[in-house]
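FYI, it's all coordinate maths here, none of it is from the lab. Worth saying up front: this structure is predicted, and the values here are computed from it rather than measured. When we count neighbours, we look across all protein chains shown, and the Cβ atoms used for this are built from the backbone with ideal geometry, even at glycine.
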Amino acid sequence: MAETEGLSASYPQRAPRRLGIIYNSQSGRHRRRWGRHPVPTDVPAIEAKQPEDIARAVTELAALGVDTLAVAGGDGTVQCVLSHVLLDDLFDTLPVLALVPTGSTNMTARDVGFVDVRRRGWQPLLDWAASGGRQSRATIADRAVLRIQASDSQPAVCGMFFGVGAVHHAVQYTQQNLHSKGLRGEAGPGLAFLRFLKSVALQDRRHFAPTRIRLVDDAGRTVDDPTLLMVASTLDRLVLSFHPFWGREQAPIAWTTISQNASRFLLRLPFVARGWSRGFKAAEGAGYVSHNSHELRLAFDDGFIVDGEFYRSRPDDGPVRLSVAGHVPFLSL
């Protein structure tokens, strides 16, 4: 199971917290979330639609001394904010992140916690900040965040979920074909998942082909197979409430690979999706591998995703390296 640390009932600080807001008006459900609750005007609030806008917004809010950063957007917006918060050395102390889920899927916010602006507006968050974070119903959880280095020539990025193979193709299909038809939330990923099952059942390679991956972790465990999918995450619950991990090691990065030749795949899939370990000790040699690690190196020639954002790995670039960038406090209110 992915590691969850530092759950507490309140954040121990008496002085009012300095709140800043980054919001993406182009996120999937922005208008629905904002219908009755516009962004407050009495705290620094910056609209940021593109990655370069988000970088400038994080830098500006850090310069203002913000120690609580509300992020209104989807998984991609959160991923971009995490990258700059953790890698750009802008904050003396990492800010508390208050996620306001206005994206199409919002997988990260569903797992780490969020602020429910749609139902209760911004006032509870403003009150929490004004009280110095002493409201008893608020919780803060420190969560590990992935650092993904695709090559020495490319900047690292941070995120909570990494996927190769069928996962990459399913997200691509969802964003290109289903979101445009209004299928938001988990409806789009659900249909993409069914499409994947149909392709496997019929051995239809038109939509995706297995990806050959060579994986080595910090404990020396190795996988070298054509794979249907490979996923790694620090989240406990993924989209559709999947938890496809059953490793028992005490380490923050949970990862799973499923070989192209995994035995009885369709029959075992419900167990894989829920991370049920019964029977998988014997299945480790049958194409199913799941462990928890501190670092991973992967060599493959294909695309991959980080929190719904697309990247590319090529053999000439060297291995993709996964590690932990740090632990970020997330607010639930």
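So the values come out like this:
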| item | result |
| --- | --- |
| Length gained when the stretch ARG248-GLU295 is fully extended (0.36 nm per residue, less Cα-Cα span) | 15.4 nm |
| Listed residues PHE91, GLY73, LEU61: farthest to the positive end of the dipole of the range 4-146 (Cβ charges) | GLY73 |
| Prolate/oblate/rounded label for the range 4-146 (Cα gyration tensor, a/c 1.5) | rounded |
| Net charge dipole size for the range 4-146 [Lys, Arg +1 and Asp, Glu -1 on Cβ; Debye, nearest 20] | 860 |
| Charge tally in the Cβ shell below 13 Å around ALA62, where Lys, Arg are +1 and Asp, Glu are -1, ALA62 excluded | -3 |
| Listed residues VAL145, LEU82, ALA130: farthest to the positive end of the dipole of the range 4-146 (Cβ charges) | ALA130 |
